[in-house]
1. Determine, yes or no, whether A293 is in contact with a His (Cβ under 9 Å, 6 or more places away or on another chain) and hydrophobic (A, V, I, L, M, F, W, C).
2. Read through the list (1) in contact with a Pro (Cβ under 9 Å, 6 or more places away or on another chain); (2) more than 11 Å from ligand 2 (Cβ to nearest atom); (3) within 25 Å of G133 (Cβ to Cβ), then give the number of the only condition that L62 fails.
3. Say we look at segment 60-83 and pick out the residues that are assigned to a helix (DSSP H, G or I) and in contact (Cβ under 8 Å) with a residue 40 or more places away in the chain; which of these is farthest from ligand 1 (Cβ to nearest atom)?
4. Identify, please: which residue in segment 208-239 is in contact (Cβ under 8 Å) with a residue 40 or more places away in the chain and surrounded by fewer than 16 Cβ atoms within 10 Å (Cβ to Cβ) and is, among those, nearest to E163 (Cα to Cα)?
5. On the given criteria, is D28 over 17 Å from the mean Cα position of the chain (by Cα), more than 23 Å from A259 (Cβ to Cβ) and of a type in the set (D, E)?
6. In the set A5, A44, A67, which member is under 22 Å from Q313 (Cα atoms), surrounded by 18 or more Cβ atoms within 10 Å (Cβ to Cβ) and touching a Leu at 6+ places or on another chain (Cβ under 9 Å)?
7. Considering only segment 253-288, state which residues are part of a loop (DSSP other than H, G, I, E, B) and either of a type in the set (S, T, Y) or more than 17 Å from the chain's Cα centre (by Cα) (or both).
Amino acid sequence: MPHVAVIPGDGIGREVLDEGLKVLRALDARHGLDLRFTHLPYGADRYLSTGLTITPEEMAGLREYDAVYLGALGDPRVPSNVHAKDILLGMRFQLDLYINLRPCVLLDERYCPLKDRRPEDVRFTVFRENTEGLYTGIGGQFKRDTADEVAIEAELNTRKGVERIIRAAFEHARSRGLKRVCMSDKSNAMRHGHDLWQRVFKLVAAEYPTIKASHLYVDALVMEMVRAPDRFDVIVTNNLFGDIVTDLGAQIQGGIGLAASGNLNPEAGIGMFEPVHGSAPDIAGQGLANPLAAVLSAGMMLSWLGHVELERQIEDAVRVALNDGLVTRELGGSLSTSQVGDAIVAILSR
Ligand code: NAD
Ligand code: IPM
Ligand code: MN
């Protein structure tokens with residue numbers, strides 16, 4: 001019985017996860033998946049009422065599940081964002097979820113902001129390094145709140161960390177018959193860390209002679225994602241660049257409400273699935289949030305749990321909903337969050 005930890009989190013995280021769970025339960029009823037869900041209350045409400053973000057025992061407890069399904073973390077009442085750092089970045093770091101897999105797939109050309117681009121033009125996957133880079137908090141402040149203040153944020157790049165994410169990108173390409181892997185860094189300016197990326201990329205690429213390995217500086221990458229997204233199959237990059245380029249990727253695939261992701265450590269068998277978007281406090285609680293990113297993330301989770309075919313069914317159902325205009329307001333539709341969830345369930349049961 002696959003056991004899924006459900007962490008709705010904050011803001012629209014809770015609203016969109018309700019719809020993802022609706023879809024999962026419908027598929028479960030139909031296919032006898034025997035899914036078991038345990039809701040965990042980690043988020044701003046609990047932090048504000050108890051002072052707890054996530055305890056070390058709770059973090060360790062997450063290893064017992066077959067997957068974690070997360071909404072979003074971030075709340076204006078917690079300006080320090082400490083709970084999101086402890087819970088979200090905590091999971092990525094402490095559970096060593098080194099792959100942040102972010103597919104950028106255009107399901108319906110009408111939602112693409114790029115002129116004359118069709119689904120076959122926007123179909124790549126970003127491998128975002130997820131456990132180091134500029135996200136570790138290494139650094140410090142000196143002479144805080146004085147005119148002489150200094151703030152240092154160090155970028156951590158380890159040989160092991162860089163190698164495993166690059167290898168994962170090539171393995172993904174190899175196993176799916178994809179021909180191109182592009183690594184993106186800023187080695188023209190960042191001479192130590194990103195030189196390591198350059199050297200490791202060349203070494204790993206040499207092991208995959210049938211895959212075309214290329215490189216773009218990240219400023220050129222974002223330009224090319226807009227100008228010629230069809231030149232990419234797999235993009236591999238560091239933690240911060242991966243964060244930024246996947247919000248751009250979300251737009252070219254039809255909007256932030258459609259971008260799904262998985263945070264994975266295949267060797268340890270731990271996977272956490274979440275929409276790329278945040279808690280959107282500006283629209284929270286109004287039934288306006290697009291749940292499709294959460295629904296597609298649930299599809300990625302089912303695939304991780306062994307039901308590859310069901311991920312395809314979910315993607316097909318989302319394609320139908322998009323085609324029929326069964327979408328929320330930001331995509332030009334008039335459906336509420338829960339009506340979109342209902343529509344997906346109805347399409348799946350046809
Ligand atoms: P955001 O993704 O929450 O929102 C950006 C914009 O996109 C907003 O206008 C929002 O209304 C819109 N949007 C986002 N998701 C949408 C959806 N499903 N449907 C329709 N519109 C949607 O990013 P932000 O405003 O920069 O961040 C808000 C909070 O979320 C912050 O606290 C941030 O740190 C946090 N955050 C968390 C995660 C995560 O938990 N993985 C990811 C990103 C941001
Ligand atoms: C994301 C988010 C997070 C990140 C924030 C909330 C720390 O933007 O998952 O894309 O930067 O990784
Ligand atoms: Mn982000």
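The values are calculated or read from the model by the stated rules, or taken from the named source; none is laboratory data. Values in this document were obtained by computation on a predicted structure and should not be read as measured data. Cβ placement follows ideal geometry from the backbone for every residue including glycine, while neighbour counts extend to all protein chains displayed.
1. yes
2. Tallying (1) in contact with a Pro (Cβ under 9 Å, 6 or more places away or on another chain); (2) more than 11 Å from ligand 2 (Cβ to nearest atom); (3) within 25 Å of G133 (Cβ to Cβ), L62 fails exactly one: (1).
3. E64
4. R231
5. So D28 fits the description; yes.
6. A67
7. Result: E267, A268, G269, S279, P281, D282, I283, A284, G285, Q286, G287, L288.
Table: residues versus (1) acidic (D, E); (2) surrounded by 13 or more Cβ atoms within 10 Å (Cβ to Cβ); (3) outside the structural domain of R312 (by TED's automatic domain parsing); (4) at pLDDT 95 or above.
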position: L106; (1), (2), (3), (4): no, yes, yes, yes
position: C112; (1), (2), (3), (4): no, yes, yes, yes
position: V122; (1), (2), (3), (4): no, yes, yes, yes
position: T125; (1), (2), (3), (4): no, yes, yes, yes
position: Y135; (1), (2), (3), (4): no, yes, yes, yes
position: A147; (1), (2), (3), (4): no, no, yes, yes
position: E155; (1), (2), (3), (4): yes, yes, yes, yes
position: V162; (1), (2), (3), (4): no, yes, yes, yes
